[in-house]
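No lab work stands behind these numbers, since they all come straight from the coordinates. Note that this is a predicted model, so its numbers are computed, not measured. Backbone-built Cβ (ideal geometry, glycine too); neighbour counts: all protein chains shown.
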Amino acid sequence: MRRKIWWTYFIVAVVAFTTGGAMAYEGGAVSNGGTISGVVKFKGTAPAPKPLMITKDKAVCDKTPKTDPTLVVKGGNVVYAVVSLTDIKSGKKMEPMTVTMDQKGCEYHPHVLGLTAGSTVDILNPDGILHNVHSYSKVNSPFNRAQPKFKKKLSIKMEKPEAVHLQCDVHGWMSGWLYVAGNPYFSVTNEQGAFTLSDVPPGTYTLEVWHETLGKQSQKVIVGAKQDVKLNLELSK
């Protein structure tokens with residue numbers, strides 16, 4: 001009997017490990033949820049955008065000037081930061097998504113793409129040249145896939161929560177991110193640095209801001225029934 005109980009615990013532990021904690025979130029209807037919204041600001045004076053040097057396939061890749069996307073600040077606000085609730089256990093329904101990462105003009109669009117664990121990313125190549133999509137991940141299985149001009153779409157399933165860096169081995173300046181979330185409460189800041197998390201059940205949560213260059217910050221946030229919580233968050237170098 002003791003051996004049977006031990007074996008049951010072992011199986012549960014293995015499943016929890018291989019799913020990356022995805023089992024911890026339970027989705028369903030939210031009738032009295034609130035909203036968390038606001039802006040992620042850059043503290044101090046933002047550095048000037050750095051131009052990217054285009055060294056290959058210039059006829060396609062160098063049609064328009066390009067700047068380094070790893071830190072984009074517009075009007076004092078940070079673009080491409082991810083705001084999420086890291087410890088929420090239940091809330092609105094979470095279903096696998098199909099999202100698109102484009103490589104038009106030899107850049108990843110969007111630079112940071114948010115999706116839930118178990119979702120599929122369609123990586124497009126409309127450029128008519130060879131790209132190579134190389135992922136650098138620790139939790140998900142890494143991939144390194146050539147995408148010649150005749151292969152217009154690669155479909156990759158992302159199983160576990162993790163921020164995954166993408167690089168093109170053919171065009172070294174091409175850099176992007178897949179932010180794979182363990183729950184549906186995440187938002188990538190837009191061109192105004194704004195974010196919105198909707199249908200949040202009443203409660204106290206840990207809100208985290210992630211940025212590839214500026215790192216992470218977290219704080220507690222309390223959400224009441226049907227409350228609209230407004231936040232101004234700050235990141236600095």
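Descriptive notes on the structure:
- The helix-based estimate of mean residue ellipticity at 222 nm for the chain, built from -39,500 (n - 2.57) per DSSP H run of four or more residues and divided by its residue count, is -2500 deg cm²/dmol to the nearest 500.
- Summing charges over neighbours of residue 220, with a neighbour being any other residue whose Cβ is under 12 Å away from its Cβ, gives -2 when K and R count +1 and D and E count -1.
- Full-stretch length increase - residue 68, residue 229 - with 0.36 nm per residue and alpha-carbon distance subtracted: 54.7 nm
- For segment 190-220, the list of chymotrypsin sites (Phe, Trp or Tyr not before Pro) that fall in a loop by DSSP and count at most 11 other C-beta atoms within 10 angstrom is empty.
- Gain on full stretching of the segment that runs from residue 149 to residue 89 - 0.36 nm per residue minus C-alpha separation: 17.3 nm
- 3J(HN,Hα) from dihedral phi, segment 151-165, Karplus parametrisation 6.51/-1.76/1.60, rounded to Hz, x for glycine, proline: 9, 6, 8, 10, 10, 10, 9, 10, 8, 10, x, 4, 8, 10, 7
- Inverse of mean 1/r across different Cα pairs in segment 25-235, Kirkwood, Å: 18.2
- When the pairs 92/226; 41/220; 138/220; 50/152; 66/153 are compared against a 20 Å limit on Cα-Cα distance, 138/220; 50/152; 66/153 fall above it.
- Count Lys and Arg as plus one, Asp and Glu as minus one, and take only other residues whose Cβ is under 13 Å from that of residue 93; the net charge is then -2.
- Amide H contacts for residue 170 (H built 1.01 Å from N in the peptide plane; partners 5 or more residues away or on another chain; cut-off under 5 Å): 132.
- Pairs of Cα atoms nearer than 8 Å and 6+ residues apart set the relative contact order; for the chain it is 30 percent.
- Angle between the chain longest axis and helix 2-18 axis [Cα atoms, degrees, rounded to 10]: 30
- Each residue of segment 97-104 is assigned a 3J(HN,Hα), and the resulting list reads 10, 10, 10, 10, 10, 9, 10, 4 Hz, derived from the Karplus form 6.51 cos²θ - 1.76 cosθ + 1.60 (θ = phi - 60°), x at Gly and Pro.
- Orphan Cys of the chain, criterion: no other Cys C-beta under 4.7 Å: 168
- Think of each Lys and Arg Cβ as +1 and each Asp and Glu Cβ as -1; about the Cα centre, that makes the dipole of the chain roughly 400 debye.
- At full extension, residue 190 and residue 97 could sit 31.5 nm farther apart than now, given 0.36 nm per residue minus the alpha carbon distance.
- Distance violations [Cα-Cα > 26 Å] among 56/149; 56/157; 56/237: 56/157; 56/237
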